[in-house]
Amino acid sequence: MDIERRIGEALKEEAKGVREPQGLKASVLNRIETEGGVGMMKQIYLNMKRYSIASLAWGVLLLGTTGYAATKVYQLFDKDGQVSVSYQFGEESLQKGSDLYGKYGENLRKSLKPGTAALFLVNGKENPDKRIIGVQNPVSYDDVSKLQKTIGAFAEIPAALEGHFRFASGTVDYKLKEEAQISKEMYMEALKTDQQMIVREVPLDSAITGVLTTYRADSGKSVMILFDNLGDSVDKTVYSSDPGTGVEKLDLNGSEALFRTEKDESGKEYQSITWMNGQKMQISVKSSDAFTKSELVDIAKQLK
C-alpha cells in the first residue's frame, strides 16, 4: 500500500476518535512516527518520479510502485521467456507530479550548481498529497571518452552510430543520499507549517542511476539514448502518465522491445524503442526528428 493511501486511511481512522483538527494532526503525526517511521516514509520516493534533466527529456515515469490503475499494460519477455519488465501507460495519477515539476522544478534545477540535487515539496492546494519531487542538475560531458571514464562499466557509450550520427553530449544521474530521511523531515514539516514551498539540498551518492546521451548527424537529425538502471524498482514496472498514440512489440536481437509513438505539447510526433539489457539495465532510443521504425531499430541494434 502506498504512502498516500496509508496516511489517508490513518487520517480517517484517527478522525473517528479525535474531534479537534489540532488533535487529529498530532494523533496522525504520532502514528506515522511510531508505526511507520523511516521505513514508511521511504515509500515517498516510490510514489513519484526521480525528476532530472534526463527524465525530463523522456517524459514522466514512475518506477517500482504498486496500487495504480493504468489504461494500457505491456510486458516484455527475455530470451528465456521470463518477464523482464512491465510498462503501464496512461496513469493519470502521475500527471500531478509532472505539472508540479513543469511549474516549479525546472526553475529550481537551473538554480542548482552542476552535479548537485534537491528535493522540493509544494505545500498547498496544488499538491494535496504532499508529493516530494527530486531535481538533479547533472554535469554535462561533450567528450565521450571522459563520459565513459566517469561511468566505467555502467554502460558502453559508442563514439558514433551508423547513419553518420556522432556523440554530441551526455549527462549522468546519481542516486540521492539520505532521501528517505530528508523526505520524511520535509513531509513532517509540511504537516506542521503553512510554508508554501519546502526545498532541501540532497547529497549525491556514487551509485549511477542513469546516463542520457545525444547523437547528431550532419543532416541535423538527432537521437537520444537513455541507459536507466531499474535495479531499485520494487516490481520491475515502469509507469507513465502519457498513453502515447501507438505502442507495439518487436523483436530486437532475440528479446522483446517496445516501439512507441508519442506527441509533444505542440503535436509533433516522435518515436522510441525501449528494451531490457540483462536484469537491470533498460535502454531506450528516442527520436527528436522524423525517423522510420527500421532506422531506430538499426540504431538500437548497435547498443549493448
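The values are calculated or read from the model by the stated rules, or taken from the named source; none is laboratory data. The structure presented is a predicted model; accordingly, all values stated were derived computationally and were not measured. Note that each Cβ is placed from the backbone with ideal geometry, even for glycine, and that neighbours are counted across all protein chains shown.
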| message | With the structure loaded, tell me whether Glu126 is more than 28 Å from Lys280 (Cβ to Cβ), exposed (fewer than 15 other Cβ atoms within 10 Å of the Cβ) and of a type in the set (Asp, Glu) or whether it fails that test. | response | yes
| message | Return the residues of segment 127-138 that are assigned to a loop (DSSP other than H, G, I, E, B) and either closer than 15 Å to Asn107 by Cβ or among the polar types (S, T, N, Q) (or both); say none if nothing qualifies. | response | Asn127
| request: Among the residues of segment 129-150, count how many are among the β-branched types (Val, Ile, Thr) and surrounded by fewer than 18 Cβ atoms within 10 Å (Cβ to Cβ). | output: 2
| Within segment 181-198, restricting attention to residues that are touching a helix residue (DSSP H, G or I) at 6+ places or on another chain (Cβ under 9 Å) and buried (at least 18 other Cβ atoms within 10 Å of the Cβ), which residue is nearest to Met224 (Cα to Cα)? | Ser183
| Name the residues in segment 164-208 that are in contact (Cβ under 8 Å) with a residue 40 or more places away in the chain and among the polar types (S, T, N, Q), would you? | Ser169, Thr171, Gln181, Ser183, Thr193, Gln195, Gln196
| Taking interchain pairs and intrachain pairs at least six residues apart, which have beta carbon atoms under 6 angstrom, with the first residue in segment 74-95 and more than 14 Å from Ser255 (Cα to Cα) and the second at pLDDT below 60 and part of a strand (DSSP E or B)? | Leu94/Leu62
